[in-house]
Amino acid sequence: MSALFETEHAAWPFPAKPARLSDDEKAFYRHKIKQLLKARNAVIVAHYYTDPEIQALAEETGGCVADSLEMARFGSSHPASTLLVAGVRFMGETAKILSPEKTVLMPTLQAECSLDLGCPIDEFSAFCDAHPDRTVVVYANTSAAVKARADWVVTSSIAVELIDHLDSLGEKIIWAPDRHLGRYVTQKTGADVLCWQGACIVHDEFKTQALLRMKALYPDAAVLVHPESPQAVVDLADAVGSTSQLIQAAQRLPHPQMIVATDRGIFYKMQQAVPEKTLLEAPTAGEGATCRSCAHCPWMAMNGLKAIADGLEQGGAQHEIEVDAALREAALLPLDRMLAFAAELKLKVKGNA
Ligand code: SF4
């Protein structure tokens, strides 16, 4: 039997790791990808959690490396007719929902997310039906069908602000799927939130006691934590936030070292932002457990150079994202609300600066 990732609520098989490439093979695929990007009028839209060589290639070829909100914005405003989304499937679906006229390709359609997998539409829809008085807010890490069932989509970078806004309007909320982020926004806002019990297999593995020991070893380090992590880990943080917010925190905080509790893929952009600082991975093993994801999402790791070249070259059912037109229309509404809210928020922050 293949190894499983398990959360309290479900288990999934480990995806296969991409084969390691020699330096010559890497150079071959990088060259090939550059040619294919030109031939297809395509651009790479990559997530912070992809491997450093993928992020470097996205930058080098005029693409973007960002969190899921910025990926969505970049993809829909870029003039390329094809988006190569290096990330996980819900990111490709979001890109297609926002840009139906574009071809959206992925290195593999098997790149999942435990939050998406842990929130199947039938169960989630029944949960919403049982609480018709609540506004449904879903995290971007969900399928198009779950988004279509929601009133709002949100990313971790604006989750606290959105829930605070809805609370100020007197709305009671269903939050899905991440239970840790749901708990975090509830604590921050005091809103009435009913939370789906999903978890990210990467952030769920950060360990409190081992982190305390690491803090003792590095007394000058700041602790940066993504709010998909367990509460006891969040409680030890000097800064809590989305991937982009953690990079900003690394720049803002005076500490010479940063212990970082999120996927280690973020180190590529964080180190660019703070070249003089030392970045350390927060511990995922310890307290009787052995890490399984070891701070790197196994589905993000599927976005290798060969898979990107295959995606661009072959397209088709193995690589192209399709979203049913009716589903797309229904999912677009809460996504557009999110983008409009995020744009207003940006203006407010600018106005206050
Ligand atoms: S890191 Fe976690 S939230 Fe992100 S894609 Fe992987 S499983 Fe999903």
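The values are calculated or read from the model by the stated rules, or taken from the named source; none is laboratory data. Fair warning: this is a prediction, and the values are worked out from it, not measured in the lab. When we count neighbours, we look across all protein chains shown, and the Cβ atoms used for this are built from the backbone with ideal geometry, even at glycine. Areas reflect the complete protein model, heavy atoms only, side chains present, ligands, DNA and RNA absent. Shrake-Rupley method; radii C 1.70, N 1.55, O 1.52, S 1.80 Å.
Details
- If only residues of the stretch 254-263 that are open to solvent by 30 Å² or more (accessible area, probe 1.4 Å) and in contact (Cβ under 8 Å) with a residue 24 or more places away in the chain are counted, the one that is nearest to Ser293 (Cα to Cα) is Gln257.
- Single match in Ala199, Ala222 (criterion: under 29 Å from Ala301 (Cα atoms), at pLDDT below 95 and not aromatic (Phe, Trp, Tyr)): Ala199
- Single residue of the stretch 142-163 satisfying the filter (touching an Asp or Glu at 6+ places or on another chain (Cβ under 8 Å) and either modelled with pLDDT under 95 or over 21 Å from Gly87 (Cβ atoms) (or both)) that is farthest from the ligand (Cβ to nearest atom): Ser157
- Given (1) of a type outside the set (Ser, Thr, Tyr); (2) away from the ligand (no atom under 16 Å from the Cβ); (3) buried (at least 22 other Cβ atoms within 10 Å of the Cβ); (4) modelled with pLDDT under 95, index of the condition Ala295 fails: (2)
- Scan of the stretch 269-292 for residues that are open to solvent by 20 Å² or more (accessible area, probe 1.4 Å) and within 16 Å of the ligand (Cβ to nearest atom), ordered by number: Lys269, Glu281, Cys291, Arg292
- Matching residues, the stretch 199-245, being among the hydroxyl-bearing types (Ser, Thr, Tyr) and either open to solvent by less than 10 Å² (accessible area, probe 1.4 Å) or in contact with a helix residue (DSSP H, G or I) (Cβ under 8 Å, 6 or more places away or on another chain) (or both): Thr208, Ser229, Ser242, Thr243, Ser244
- Filter pass, Ile266 being in a helix (DSSP H, G or I), open to solvent by less than 50 Å² (accessible area, probe 1.4 Å) and touching a strand residue (DSSP E or B) at 6+ places or on another chain (Cβ under 9 Å): yes
- Checked against the criterion of being assigned by TED's automatic domain parsing to the domain that holds Thr208, within 16 Å of the ligand (Cβ to nearest atom) and in contact with a Leu (Cβ under 7 Å, 6 or more places away or on another chain), the candidates Leu246, Leu236 yield just one match: Leu246.
- Residue within the stretch 317-333 that is within 16 Å of the ligand (Cβ to nearest atom), assigned to a loop (DSSP other than H, G, I, E, B) and either modelled with pLDDT of 95 or more or not assigned by TED's automatic domain parsing to the domain that holds Ala39 (or both) present: yes
- Residue in the stretch 126-134 that is open to solvent by less than 10 Å² (accessible area, probe 1.4 Å) and not in a helix (DSSP H, G or I) present: no
- Checking every residue in the stretch 24-42 against the condition of being within 21 Å of the chain's Cα centre (by Cα) and hydrophobic (A, V, I, L, M, F, W, C) gives zero matches.
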